[in-house]
Amino acid sequence: MFKVLLIMLCLFLLTTESYSFRVTQGIDEAQRAVIKAFNAGAKEKAPYLYAKTRGYKEVSYILASEADDIGSRIFAIRTMNYASKAISAAFKGVEELTPIESLPTEKEEEKEEENFHIVDVKDIKSRLDFIRENKGKDCSPKELGRAEAFYDALVYELAKEEPNSALVLRFYNEVSTESKIAESKLRVAMTNELECYTGRKFIFKPPVEEKKKEPAEVKPTPKQPPTERKPTVVEEPLKITARIHFDFDRYNIRREYIPILNEVVKTLKENPFIKVRIEGFTDIIGSKEYNVKLARKRAEAVKNYLVKKGIPEDKIEIVGFGKERFIATNETALGRLTNRRVEFIVIKVEE
């Protein structure tokens, strides 16, 4: 009996260690994306998108703490996606509204009726729609961005077959609080016809003073022509947040990883300047030649899925490394599963 308990404890520790390794690196990736957006000045120049980016990062943390590996990775990828949008908006000086998750259709709602009645999602959605349609992005950007991030998390959790009721209430309370503050600020702006709502700047006209003698005209110095800047290729690793794993000697995509690939598809579609390299790996079992071929087949399977979903082939590179660059031990079945993987490296060409 003691030996059985000891074996079960060892298996539990190995599983926990492997899970912690994967999730911790995914969270680190999300945190780095937020830091990049902050360093680009997005907090001040793109407050709505920056707040939404931070909200997604927080959701990724929360889901990781509840052992939702897939959900945590999905929102980590979304964090990277929105950090990229925030950085772009900060440089361009233009910030646009981004979509939020849709509520289920009538047929879908019949199946999920019990889940979606745990909280009043429709009421939250109507409030967000009102704020979004009435320049809430300009009058209460931080609150709206955060509310939208937690609204997406709420819809994600409710769509599960067995939602975590504690998480549902946590996400609901966050989006409810933030959306109410956002609506309150918006209504004050509407009532007082503030600039964020009307778009009209208040111009202060100082009293007219006597004309003073104009100084002698100074000729401006001729401006130097701007130096041409060639685009540089920058690699931003997505490999932890978007990693998927394979069964032994197989290259078919496991169903549980489809939501992660769908999030990658969404990210690539929303960021046309991004290209991606897909890298395939195997565990230590088998010959080097066979494993290189198998690793490439895994990368090709993922590429084919992305292409089928509408991603142009010229935005995707693939490579198979076989049995090298191990990230876990090959002494256990769980470690070998962790090594049998495909990772994504984002190759972004700067404007």
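The values are calculated or read from the model by the stated rules, or taken from the named source; none is laboratory data. Everything quoted here is computed from the prediction, not taken from an experiment. For neighbour counting, all protein chains shown are included, and Cβ atoms are generated from backbone atoms with ideal geometry for every residue, glycine included.
Values as computed for the structure displayed
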item: Qualifying residue in the range 72-91 (condition: at pLDDT 90 or above, of a type in the set (A, V, I, L, M) and either out of contact with any helix residue (DSSP H, G or I) (no Cβ under 6 Å at 6 or more places or on another chain) or not in a helix (DSSP H, G or I) (or both)); result: no
item: When residues of the range 333-351 are limited to those that are within 14 Å of residue 247 (Cα to Cα) and of a type outside the set (A, V, I, L, M, F, W, C), the one nearest to the chain's Cα centre (by Cα); result: 341
item: Residue 67 being within 20 Å of residue 168 (Cα to Cα), at pLDDT below 90 and among the hydrophobic types (A, V, I, L, M, F, W, C); result: yes
item: Failed item in (1) of a type outside the set (Phe, Trp, Tyr); (2) in contact with a strand residue (DSSP E or B) (Cβ under 7 Å, 6 or more places away or on another chain); (3) at pLDDT below 90, with residue 212 passing the rest; result: (2)
item: Among (1) surrounded by fewer than 16 Cβ atoms within 10 Å (Cβ to Cβ); (2) over 29 Å from residue 153 (Cβ atoms) - the single one residue 258 does not satisfy; result: (2)
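Table: residues versus (1) closer than 20 Å to residue 74 by Cα; (2) in contact (Cβ under 8 Å) with a residue 24 or more places away in the chain; (3) under 22 Å from the mean Cα position of the chain (by Cα).
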| site | (1), (2), (3) |
| --- | --- |
| 263 | yes, yes, yes |
| 279 | yes, yes, yes |
| 283 | no, yes, no |
| 286 | no, yes, no |
| 292 | no, yes, no |
| 315 | no, yes, yes |
